[in-house]
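The structure appears below as structure tokens.
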Amino acid sequence: MDFVGSHILSVDQFERGGIERVFAVADDMAPFARRERMTRVLAGAILSNMFFEPSTRTRVSFGCAFNLLGGDVREIAEVGASSIAKGESLHDTARVMSGYSDVIVMRHPEAGAVAEFAETSRVPVINGGDGANEHPSQALLDLYTIRTEIAARGGSIHGLRIALIGDLRYGRAVHSLLKLLALFDRIEVHLVSPPGLEAPAGITRRLAERGHEVNEHHSLEQGISHVDILYVTRTQEERFPTAAEANRYRGLFRLNQEIYTRHCEPNTVIMHPLPRDSRPAAQELDEDLNANPNLAIFRQTDNGVLVRMALFALILDVAHTVHETAAQVRWFTAKRTPARFRKEARGPDFG
């Protein structure tokens, strides 16, 4: 995949080589994300963060990633703060905003709206989530987290056993992650959802056609046994026709420490794209899991900055400069740090 100047709209754009390239650059970003070193490779560049749907992690993570590379961020955090509220079309908004920006990240409640916006934009556009459709950067950071967590346990993405739990019908992060997983080998997928919230048939068919094992469950306990990763999601209440319909699914698939201990293998990693719904009647991931060392949800959010820094560096063609600086950091660390205390700056390779 040629990243330079490209839009990132769907995980369908990626093959395995492109994913590995993103992850290699993300590894290089670690000393800068940890504030051990500084880089100004994007000094003078402007990111327009255009979020027409509520967001905390994704919006701030993209902004943080751009700032850490030396760039400046301009934000629109709601439709009411933009001229779209006055009836301006996506076409006109794209023409205007791309004149002010070097790259744009956009979230929109309608599936396909970001791609429509990108057709007219004169600068690269990254899809920050479009309705119930896709969330490509979330899927990349999730897969990066899976790679890191599984490697620490001596495994790799190939041969992974994963359970995806909850609202699989409307969860765009789930849809994008499953599409990426389909590119690897021998994945065992357990789809655990209430009746009516199953994953789209087209995505499960893609997995099956690529030779992966797909198992669908309506029982939490059956679906979470003998897997490496639990990927828990909240009920996407904003996608339901009515609040009453969404409320039918609250708290049905609730994971807590007792259930985890009873049904999961000891090193099963727990992930969640966040936010987790912490209201007592809705909580899908109990807070009694906070002390569990296998809870990786906050390592996920940290990894989001690395992956989004990598996307900006690749799209704006500064990845080679960051790599050279990161290599100098590794050389300096190797010279100054006793081997027994040294931590590898790069992450593990794919198995």
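Here's how it looks for G128: its modeled amide H is under 5 Å from those of M106, R107, which are all 5 or more places away or on a different chain. In order along the stretch 48-61, the phi-based Karplus estimate (6.51 cos²θ - 1.76 cosθ + 1.60, θ = phi - 60°) of 3J(HN,Hα) comes to 9, 8, 10, 10, 9, 8, x, 7, 10, 4, 5, 5, 5, 4 Hz; Gly and Pro are listed as x.
A simple rule links phi to the HN-Hα coupling: the Karplus curve 6.51 cos²θ - 1.76 cosθ + 1.60 with θ = phi - 60°, which for the stretch 256-265 gives 10, 5, 4, 5, 4, 4, 6, 10, 9, 5 Hz, with x for Gly and Pro. Less than 5 angstrom separates the built amide H of Y231 from those of A163, L164, I165, M271, all sequence-distant by 5 or more or on a different chain. Beta bridges from DSSP with both residues in the stretch 67-218: antiparallel share about 5 percent, rounded to the nearest 5. Carbon-plus-sulfur accessible fraction, the stretch 7-54 (probe radius 1.4 Å, protein heavy atoms only): 51%. Sorting the segments 51-57, 65-71 by their residues' average number of neighbouring beta-carbon atoms within 10 angstrom, most packed first, yields 65-71, 51-57. Residues whose amide H falls under 5 Å from that of H217, counting only those 5 or more places apart or on a different chain, are L191, V192, S193, with hydrogens built in the peptide plane. Could you give each residue of the stretch 297-307 its phi-based ³J(HN,Hα) in whole Hz, using Karplus coefficients 6.51, -1.76, 1.60 with θ = phi - 60°, and x for Gly or Pro? Here the 3J(HN,Hα) series is 5, 8, 5, 4, 5, 4, 5, x, 5, 4, 5 Hz. Model label sites at C64 and A201, defined 7 Å from Cα along the beta-carbon direction, differ in position by 4.1 nm. Accessible surface ranking for T58, T325, T261, 1.4 angstrom probe, highest first: T261, T325, T58. Positive contributions from Lys and Arg (+1) and negative ones from Asp and Glu (-1), summed over other residues with Cβ under 15 Å from the Cβ of S98, come out at -2. Computed over neighbours whose Cβ is under 10 Å from that of P273, the net charge equals +3, Lys and Arg +1, Asp and Glu -1.
The values are calculated or read from the model by the stated rules, or taken from the named source; none is laboratory data. A quick note: this is a predicted structure, and the numbers were derived from the prediction, not measured. Cβ sites come from the backbone with ideal geometry, for glycine too, and all protein chains shown count toward neighbours. Accessible surface is based on the protein model in full, side chains and every heavy atom, while ligands, DNA and RNA are left aside. Shrake-Rupley method; radii C 1.70, N 1.55, O 1.52, S 1.80 Å.
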